[in-house]
Amino acid sequence: MILAFPVQLTCLMSPSNKKSAIFCVGNPLRRDDGIGMEIFNFLKNIPSVVKKADLFDFGSFSVDIIFKLAHYNKALIVDGINAGLKPGELRIFGLKDLNAVEYEPSASTHGLDLKFLFKLMADQGSRVKVRVAGIQIVDASFGGGLSKELSSGINAYIDEISSFTAKNL
């Protein structure tokens with residue numbers, strides 16, 4: 001039964017010929033944790049981003065993201081994080097940088113956290129180069145809408161993620 005899960009999931013996927021993907025994750029019911037979905041709504045309308053990478057609104061992701069990632073050489077995960085950065089600060093990092101940012105999941109409603117995701121991928125021998133565009137959250141309480149700090153940074157986040165995509169994905 002466990003072996004059938006990835007096979008079923010793989011069969012349901014129809015990745016394009018692109019070698020890169022952007023996964024926007026989070027929970028919009030937890031205020032700033034919904035930043036990934038907000039960014040997705042902007043990125044999907046930027047032709048240079050959509051041309052370069054497949055774009056996914058992945059919500060509160062779980063282990064099934066690993067099977068989706070397996071179709072790509074490079075991926076960027078956009079997520080709200082709690083890493084002791086300045087409120088609203090965006091930092092793009094990889095697995096080796098994960099401990100340096102003292103990352104903790106922004107809200108317990110994710111199916112799994114990024115540290116666990118990277119460890120599981122490494123244990124499975126994944127060769128996908130995954131980077132994270134982590135945005136320091138201010139408020140992950142239940143409710144809708146972003147904090148003032150994150151709302152005011154949307155344009156800067158879009159610019160930085162678009163630029164990263166053009167150069168690195």
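The values are calculated or read from the model by the stated rules, or taken from the named source; none is laboratory data. What you are looking at is a predicted structure, and each value in this text was computed from that prediction instead of being measured. Cβ placement follows ideal geometry from the backbone for every residue including glycine, while neighbour counts extend to all protein chains displayed.
Tabulated values for the structure
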item: Positions within segment 127-145 being at negative phi and more than 17 Å from the chain's Cα centre (by Cα), in sequence order; result: R127, V138, D139, S141, F142, G144
item: Total residues in segment 64-90, condition of a type in the set (V, I, T), assigned to a strand (DSSP E or B) and farther than 17 Å from V49 by Cα; result: 1
item: Yes/no for A70 being within 18 Å of V130 (Cβ to Cβ) and modelled with pLDDT of 95 or more; result: no
item: Residue in segment 10-50 that is modelled with the highest pLDDT, counting only those that are surrounded by 16 or more Cβ atoms within 10 Å (Cβ to Cβ) and of a type in the set (S, T, N, Q); result: S20
item: Residues of segment 132-169 that turn out to be surrounded by 18 or more Cβ atoms within 10 Å (Cβ to Cβ) and in a strand (DSSP E or B), as a count; result: 5
